[in-house]
Amino acid sequence: MKKVLLVTFSDNADHQDISFGMFESIYMSASDNCDIWIMGINNPKVPVMDTPHTHLVDCPRRPGIEKKTFDVRELSKIIKWINSQNFDVIFFETLHVWNLAIMMFCHKNTVIFQMIHDLIPHKGDKQEKSVHLMNKAVCKLADYIVLCNEKYVSKVTEIYGVPQERVRFVDMWRRFPKYTEPRYSRRALFFGRMNPYKGVDNLLEIAKKCPEIQFDVVGRVDPQVQELVDELKKLPNVMMNNGYVTDEEMAKAFIKADWIVLPYNSATQSGVVIDGYRFGRPCIAFSVGAIAEQVCEGVSGYLIPEGNNAAFADKLRGAVCMSEGEYKKMSQNAYEYGVKKYSAGGAIGRFMKLIS
């Protein structure tokens, strides 16, 4: 039996859900193949089962450099505890400076897996350089690099020099609630932090082309796109929520919508697509990055050629005019597709194969 530690030092609810969901799925299955443990931050945003294998710690909330990063005493306690447990595998789900210290000082016979969500940092993002440097560091220290899409597997070698035998791919997983019935609201939801690569410029043009459709735009605003957001706010068919969004508020936003829109300029994979599936909401997205791997055309959503805002608007107008019967079928298909491909419970086998 392998003794495995899942680690996420992320303060992001989505990333906590990924790690906690897999931990709980394996723990509750009482697997004979895996002795699973979880390490996360104190007071997480997402609840986690309180078990003898649940280890929450006081660590920096930011993945980069801050004052707490230099709390050597706390970091040393964590490393000492990890080494005392003699884990066969440590799986880091997110990037964090403290990952590097643990990789350097944990027992040498422990196999380290590091998942990278953004192999190619988004151009124009203020964290672009730091993400690249962090990727470079973990590629050097980890035994295996794990990606959530197949498209960029070869890029790990090309960009960071990691031999292909040290690169793995696995579809992402999340906790899935019960299916949520449609509301037939004819609303479109744009969800997530508004960065330059998220296509706020495209969203503005699409919303102008679809005055009859209500757009809910939910997420914090990067200062680089503030002018575009100000223009969006002026449109009568756009409702904005740019404050902190709780899990409950997030769920309400997805449930209220019929369609999730992702007019991104660039992307790797997207957690927003999976969130849509979790609530039975299909998506319309530009086919950028590896998003095409996440969308089953005509079943769980629609893919639009990159940058074609007119085609995006046309598809959205047609989608909201579906009959209730047509839309409910697509809603159910999106949920079932998501459960099969992305649910934590359904991913146990893939995860065990990955770490073997």
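The values are calculated or read from the model by the stated rules, or taken from the named source; none is laboratory data. Treat the numbers as computed from the prediction; the structure is a model and nothing was measured. Cβ placement follows ideal geometry from the backbone for every residue including glycine, while neighbour counts extend to all protein chains displayed. With ligands, DNA and RNA removed, areas are computed over all heavy atoms of the protein, side chains included. Shrake-Rupley method; radii C 1.70, N 1.55, O 1.52, S 1.80 Å.
Assorted remarks:
- Annotation: Met239 fulfils all but one of (1) open to solvent by 30 Å² or more (accessible area, probe 1.4 Å); (2) closer than 18 Å to Leu189 by Cβ; (3) in contact (Cβ under 8 Å) with a residue 40 or more places away in the chain; the unmet one is (3).
- Count - residues of the range 250-265 that are touching a residue at least 12 places away in the same chain (Cβ under 8 Å) and either open to solvent by 60 Å² or more (accessible area, probe 1.4 Å) or outside any strand (DSSP E or B) (or both): 11
- Taking the numbered list (1) in contact with a Cys (Cβ under 8 Å, 6 or more places away or on another chain); (2) modelled with pLDDT of 95 or more in turn, Met172 passes all entries but (2).
- The range 108-165, residues that are acidic (Asp, Glu), modelled with pLDDT of 95 or more and part of a loop (DSSP other than H, G, I, E, B): Asp143
- Screening Thr157 against (1) out of contact with any His (no Cβ under 9 Å at 6 or more places or on another chain); (2) over 22 Å from Gly64 (Cα atoms); (3) crowded, with 20+ Cβ neighbours inside 10 Å leaves a single unmet condition, (3).
- Matching residues, the range 295-309, being in contact (Cβ under 8 Å) with a residue 60 or more places away in the chain and either touching a Phe, Trp or Tyr at 6+ places or on another chain (Cβ under 7 Å) or not in a helix (DSSP H, G or I) (or both): Gly307
- In the range 175-221, the residues that are surrounded by 18 or more Cβ atoms within 10 Å (Cβ to Cβ), free of Cβ contacts under 8 Å to residues at least 60 places away in the same chain and part of a loop (DSSP other than H, G, I, E, B): Gly219
- Here the condition is being exposed (fewer than 15 other Cβ atoms within 10 Å of the Cβ), farther than 21 Å from Ala13 by Cα, touching a residue at least 60 places away in the same chain (Cβ under 8 Å) and not aromatic (Phe, Trp, Tyr); of Asn109, Asn86, it holds for Asn86 alone.
- Pairing residues of the range 17-36 that are crowded, with 20+ Cβ neighbours inside 10 Å with residues that are aromatic (Phe, Trp, Tyr), at Cβ distances under 7 Å and at least 6 apart in sequence or on separate chains, gives Ile18/Trp173; Gly21/Trp173; Met22/Trp173; Met22/Phe351; Ile36/Phe23; Ile36/Tyr27.
- Unique match (being free of Cβ contacts under 8 Å to residues at least 24 places away in the same chain and charged (D, E, K, R)) among Lys123, Lys77: Lys77
- Members of the range 266-293 that are open to solvent by 10 Å² or more (accessible area, probe 1.4 Å) and touching a Ser or Thr at 6+ places or on another chain (Cβ under 9 Å): Arg278, Phe279, Gly289
- Each residue in the range 47-76 was checked for being out of contact with any Phe, Trp or Tyr (no Cβ under 6 Å at 6 or more places or on another chain), open to solvent by less than 70 Å² (accessible area, probe 1.4 Å) and β-branched (Val, Ile, Thr), and 4 pass.
Residues are listed down the side, and each one gets a yes or a no for (1) outside any loop (DSSP other than H, G, I, E, B); (2) open to solvent by 20 Å² or more (accessible area, probe 1.4 Å); (3) modelled with pLDDT under 95:
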{"residue": "Ala311", "(1), (2), (3)": "yes, yes, no"}
{"residue": "Asp314", "(1), (2), (3)": "yes, yes, no"}
{"residue": "Arg317", "(1), (2), (3)": "yes, yes, no"}
{"residue": "Met322", "(1), (2), (3)": "no, yes, no"}
{"residue": "Lys329", "(1), (2), (3)": "yes, yes, no"}
{"residue": "Ala334", "(1), (2), (3)": "yes, no, no"}
{"residue": "Tyr337", "(1), (2), (3)": "yes, yes, no"}
{"residue": "Lys341", "(1), (2), (3)": "yes, yes, no"}
{"residue": "Gly346", "(1), (2), (3)": "yes, yes, yes"}
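- When the test is whether a residue is farther than 16 Å from Leu100 by Cβ and surrounded by fewer than 14 Cβ atoms within 10 Å (Cβ to Cβ), Asp11 does not pass it.
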